[in-house]
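To keep things clear, I will list the structure first and then write my remarks on it.
Every number here is computed from the coordinates shown, using simple stated rules; none is lab data. What you are looking at is a predicted structure, and each value in this text was computed from that prediction instead of being measured. Positions of Cβ are generated from backbone atoms using ideal geometry, with glycine treated the same way; all protein chains shown enter the neighbour counts.
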Amino acid sequence: MRNNQLKMLIVTALFAAIIGIMAQITIPLPLVPITGQTLAIGLAATILGKKYGTLSVVVYIMLGIAGLPVFSGMSSGLGVVFGPTGGYIIGFLPAAFLIGWIVERFGFTLTSAIIANIIGMIVTLTFGAIWLKFVAELTWMAAITGGVTPFILVGIIKAVIAATVGILVRKRLTSAKLLPASIAS
């Protein structure tokens, strides 16, 4: 039992680092860049489930707030979290929880993982657009046009990749006994 918890904490820390690394993969857009963060968060939640997937996101955000350059563009600090794109960062938390909850509840299958990751994408974009509207003082149309529309297709693609790779990696880690078969504890 204790050994499993230690393994899960190590894997959780590893995924926090992976999120930070993937955040540096960016395609600049006028308001909000396309990044690898959401792909990494989908992977973490699909592989680790709701508890440890969400914890990996908490660790990632705390590292960024503490000053480590883990946010997009090697940025960090509270200014990023409270800036125009901070809603996306905050949205990562409920997205990870929901993705993990759905795959735990409905099974670690490709279908449930794809659905979970698409829902996670919608949650992240919703938080991001609402935050962007108020912090950047945009109209609803401008917030949706700049903060949601450019991310729908790429978000679906990342959701499918996160689900496919996540389920495969989870199966391999479980069979190698690097992940416990049941992670709900």
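Here is how the numbers come out for the structure above:
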item	result
Total residues in the stretch 82-113, condition among the β-branched types (Val, Ile, Thr) and either surrounded by fewer than 19 Cβ atoms within 10 Å (Cβ to Cβ) or touching a strand residue (DSSP E or B) at 6+ places or on another chain (Cβ under 8 Å) (or both)	4
Test: Ile130 is farther than 17 Å from Ile157 by Cβ, among the aliphatic types (A, V, I, L, M), more than 16 Å from the chain's Cα centre (by Cα) and in a helix (DSSP H, G or I)	yes
Positions within the stretch 65-81 being surrounded by fewer than 22 Cβ atoms within 10 Å (Cβ to Cβ) and either in contact with a His (Cβ under 8 Å, 6 or more places away or on another chain) or not small (Gly, Ala, Ser) (or both), in sequence order	Ile65, Leu68, Pro69, Met74, Leu78, Val80, Val81
Count of the stretch 147-172 residues which are part of a helix (DSSP H, G or I) and touching a helix residue (DSSP H, G or I) at 6+ places or on another chain (Cβ under 7 Å)	16
Subset of the stretch 124-161 that is in contact (Cβ under 8 Å) with a residue 12 or more places away in the chain and among the small types (Gly, Ala, Ser) - its residue that is surrounded by the fewest Cβ atoms within 10 Å (Cβ to Cβ)	Ala136
Residues of the stretch 36-51 classified as crowded, with 23+ Cβ neighbours inside 10 Å and either farther than 22 Å from Ser182 by Cα or among the hydroxyl-bearing types (Ser, Thr, Tyr) (or both), total	4
The stretch 20-39, subset without any contact (Cβ under 8 Å) to a residue 60 or more places away in the chain and in a helix (DSSP H, G or I), residue farthest from the chain's Cα centre (by Cα)	Ile21
